[in-house]
Every structure is written in structure tokens, then in C-alpha cells.
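Written out below as C-alpha cells is the structure these notes cover.
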Amino acid sequence: MIVLFDIDGTLIDPKGAGTRSLNLCFQHVYGRPGAADGVMASGQTDAFLFPAIAARLGIPWEPDRVYPAYLSVLGEELRRGPARVLPGAEALCAALAARGDLSVGLQTGNIRAAAEMKLTYAGLAEHFRFGGFGEDGPDRGDLVRAAIARAARPGVPVVVVGDAPNDVLAARAAGARAVAVATGWHPRAELEALGADVVLPDLTDTAACLHAMGL
Ligand SMILES: [Mg+2]
């Protein structure tokens with residue numbers, strides 16, 4: 001089985017570090033404060049979010065300028081107040097690793113370097129050897145498909161774990177089992193209505209999480 005985790009709202013609570021970093025990076029590069037104010041980033045990919053903010057500001061999308069500035073600011077933000085690991089995430093990752101027969105990866109809208117930075121500060125990086133990332137496309141389905149391809153285990157069942165409607169939709173589009181967790185910004189009813197196979201309140205009950213995944 002392939003198990004793919006979202007990061008923000010699922011494994012960690014970034015405590016606003018992403019939005020603050022977005023704001024600071026557009027301020028540093030273009031002198032435009034508050035660029036990300038009012039933007040709903042949950043479930044979106046960086047390949048969608050950053051160009052959309054640039055377009056809103058009426059400036060060209062320049063990833064070679066913006067991404068390095070973003071990573072620099074994000075590193076400072078995480079050093080100042082590291083993201084909180086959500087309850088149960090560490091134990092669940094350890095339980096999955098202990099089985100030895102699973103390919104456990106990421107499906108995250110964060111660009112790869114940002115994902116690695118967040119997981120390193122959270123102490124979870126060792127659990128994830130591959131994934132689909134923000135660079136893989138503006139649609140979340142793009143990065144789920146990329147993650148499945150990188151697992152290189154054709155025909156094996158796939159489980160997608162995430163907190164946002166887009167996680168559920170991307171899972172369904174990829175023919176994967178959708179396990180939603182209501183620790184992000186989205187209520188259980190919303191996730192259920194979109195067709196999540198299971199909605200967990202959080203990841204604290206490891207046995208319940210494994211059962212939800214079909215393990
Ligand atoms: Mg999320």
C-alpha cells in the first residue's frame with residue numbers, strides 16, 4: 001500500500017507561518033505588504049497560490065525571485081516558533097514505518113524545499129522519502145499523481161490522508177482511499193459531503209487511523 005500525507009493541518013499546525021512568510025516575501029521582493037491577506041491557502045498548491053497572488057497584485061510571476069525569498073523567510077519563521085506537531089502524528093508515522101511493507105510519502109501543496117523545512121523543524125522528516133509537491137502542478141490532483149508515480153508500485157492501493165476538501169477530491173480523482181482528518185480548517189461535515197471514506201477527529205488513536213486506512 002502507498003500512504004500519502006498532507007502536511008499543514010494534518011501532520012503539523014504551522015501556526016500561520018506559511019501566510020506570514022507569503023506576506024513577508026512579497027513585501028521584501030516587491031514592497032507590497034499584506035499580499036496574502038484574505039487568501040485561503042488550505043488545500044491549495046504553491047504552484048496555484050503564488051501566481052494567483054502575483055496576478056492579484058498585478059505583477060509578473062517570477063518564481064526565481066519569489067521562491068528563494070519565501071524559503072528564507074519561512075526558515076526564520078520556523079526558527080522563531082516551530083510548527084506544532086499535531087497530536088498522534090508522530091506515533092502514527094512510527095506505526096506505519098514499523099510495518100515495513102508500506103510506501104509512506106507526502107502529497108503536499110508546499111514546494112519541496114518548504115515541505116522539507118517544515119518537517120525537519122517538526123522532527124518528522126525521516127518518515128517521508130518521496131512525495132508529490134507544490135512544483136508538480138497547480139491542481140492538487142497533479143501532485144497526488146506525481147507522488148503515486150514516484151512510489152513506483154503500480155497496481156498497489158493508495159490512501160491519501162489530508163484535512164482539506166482538495167485532499168478528498170484529489171484522492172477520489174486518483175482512485176485512492178480518502179482519509180480526512182478534521183484538525184485543519186474544515187469541519188467534518190464538509191469533508192464527509194465531498195466523499196471522504198472516513199473522517200477522523202484527529203490522529204491520536206493510532207489503531208483507528210490504521211483501520212481507517214484499511215490496514
Ligand atoms: Mg492541509
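We did not get these values from a lab; they are worked out from the coordinates using the rules stated. This one's a predicted model, so the numbers in the text were calculated from it and none came from an experiment. Every residue, glycine as well, gets a Cβ built from its backbone with ideal geometry; the counts of neighbours run over all protein chains shown.
When only alpha carbons are used to place a centre, the stretch 75-126 and the stretch 140-215 end up 16 Å from one another. Under the criterion of Cα pairs below 8 Å and six or more residues apart, the relative contact order for the stretch 17-80 equals 43 percent. Over the chain, Cα pairs under 8 Å with separation of 6+ residues give a relative contact order of 26 percent. Other residues lying with their Cβ under 11 Å from the Cβ of Ala182 contribute a combined charge of -3, Lys and Arg counting +1, Asp and Glu -1. Summing charges over neighbours of Val199, with a neighbour being any other residue whose Cβ is under 9 Å away from its Cβ, gives -1 when K and R count +1 and D and E count -1.
Scattering from the stretch 17-80 was approximated by placing one identical point on each alpha carbon and applying the Debye formula without solvent; log10 I(q)/I(0) at 0.17, 0.23 1/Å stands at -0.50, -0.96. Under 5 Å between amide hydrogens, built in the peptide plane, is the criterion, and for Ile59 it picks out nothing among residues at least 5 positions away or on other chains. Relative contact order of the stretch 62-130: 41 percent, from C-alpha pairs under 8 Å at least 6 residues apart in sequence.
Listed values for the stretch 200-207 are Karplus-derived 3J(HN,Hα) couplings in whole Hz (6.51 cos²θ - 1.76 cosθ + 1.60, θ = phi - 60°), namely 9, x, 6, 9, 5, 8, 4, 4, and x replaces Gly and Pro.
Under the convention that each Lys and Arg Cβ holds +1 and each Asp and Glu Cβ holds -1, the size of the dipole of the chain around its Cα centre is about 220 debye. Amide H to amide H distances under 5 Å link Gly132 with Leu106, Gln107, Thr108, Ala147, where only residues 5 or more positions off or on other chains count and H is placed in the peptide plane. A cut-off of 5 Å between modelled amide H atoms, ignoring neighbours fewer than 5 places along the same chain, links Leu200 with Ala180, Val181, Ala182. Set the Cα radius of gyration of the chain against 2.2 N^0.38 Å, with N its number of residues, and you get 0.98. Estimated purely from DSSP H runs of n ≥ 4, each contributing -39500 (n - 2.57), the mean residue ellipticity at 222 nm for the chain is -14000 deg cm²/dmol once divided by its residues. Within the listed set Ala35, Ala122, Ala98, the Gaussian network model of the chain (springs between alpha-carbon atoms below 10 Å) gives the highest mean-square fluctuation for Ala98. Compared with the alpha-carbon gap, the fully stretched path from Glu76 to Asp64 is longer by 2.4 nm at 0.36 nm per residue. So what's the net charge close to Gly88: Lys and Arg +1, Asp and Glu -1, counting the other residues with Cβ under 11 Å from its Cβ? Within the 11 Å Cβ shell, the charges total -3.
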